Amino acid sequence: MEWNRGEARLPEDESMGLLADRRRPDPLWASALDVCDRAFSSIRQGEVPEAQLHPAVHMPLSLGLAQALKGGGKDVYPRYALPHRENERVTVPIRLTGTELVGYGHIYLSRWEGEWFIDQWALDLSEFPDTDTGDG
């Protein structure tokens with residue numbers, strides 16, 4: 001246990017703000033978190049989440065994610081803070097955990113043809129270990 005020199009420090013989850021209530025989600029952003037869940041499920045399998053990427057930025061996002069997934073799936077599990085919705089955009093603060101690592105970032109989604117799609121990705125997956133997908 002580390003000695004605290006009297007510096008105020010929030011626990012890690014509290015540094016993100018309020019966590020999203022997944023049991024009673026706000027309908028304004030609930031389906032956006034479903035998109036994030038599907039994306040992380042693909043990432044754990046070592047697959048670029050093609051169907052969740054906005055068509056306007058599909059190529060650069062898929063190339064960046066493919067580079068991050070070169071070694072296989074990533075052992076990452078998200079915890080979402082309360083999303084912020086502004087018209088047809090949602091910003092989701094995220095805390096990723098995997099093995100002994102913790103990372104923070106954001107996923108930005110926008111609506112297109114009535115559905116949510118990821119249009120910006122501000123999470124570094126490079127330090128997280130690859131998963132054993134059972135292929136070897």
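The values are calculated or read from the model by the stated rules, or taken from the named source; none is laboratory data. Computed from a predicted structure; not experimentally measured. When we count neighbours, we look across all protein chains shown, and the Cβ atoms used for this are built from the backbone with ideal geometry, even at glycine. When the accessible area is computed, the model is the full protein with side chains, heavy atoms only, and any ligands, DNA or RNA have been set aside. Shrake-Rupley method; radii C 1.70, N 1.55, O 1.52, S 1.80 Å.
Values for this structure:
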{"read-out": "Spin-label model distance (nm) - residue 101 vs residue 86, 7 Å beyond Cα toward Cβ", "value": "3.0"}
{"read-out": "Top of 44, 23, 111 by mean-square fluctuation, Gaussian network on the chain, Cα under 10 Å", "value": "23"}
{"read-out": "Percentage relative contact order, the chain, counting C-alpha pairs under 8 Å, at least six apart", "value": "24"}
{"read-out": "Choice from 55, 93, 27 showing the highest fluctuation, given a GNM over the chain with Cα pairs closer than 10 Å", "value": "27"}
{"read-out": "Residue 18 accessible area, 1.4 Å probe, all protein chains in place, Å² to nearest 10", "value": "130"}
{"read-out": "Surface share of carbon and sulfur [accessible, 1.4 angstrom probe, percent] for the chain", "value": "49"}
{"read-out": "Translational D in µm²/s for the chain (Stokes-Einstein at 20 °C, 1.002 mPa s, Kirkwood Rh from C-alpha pairs)", "value": "135"}
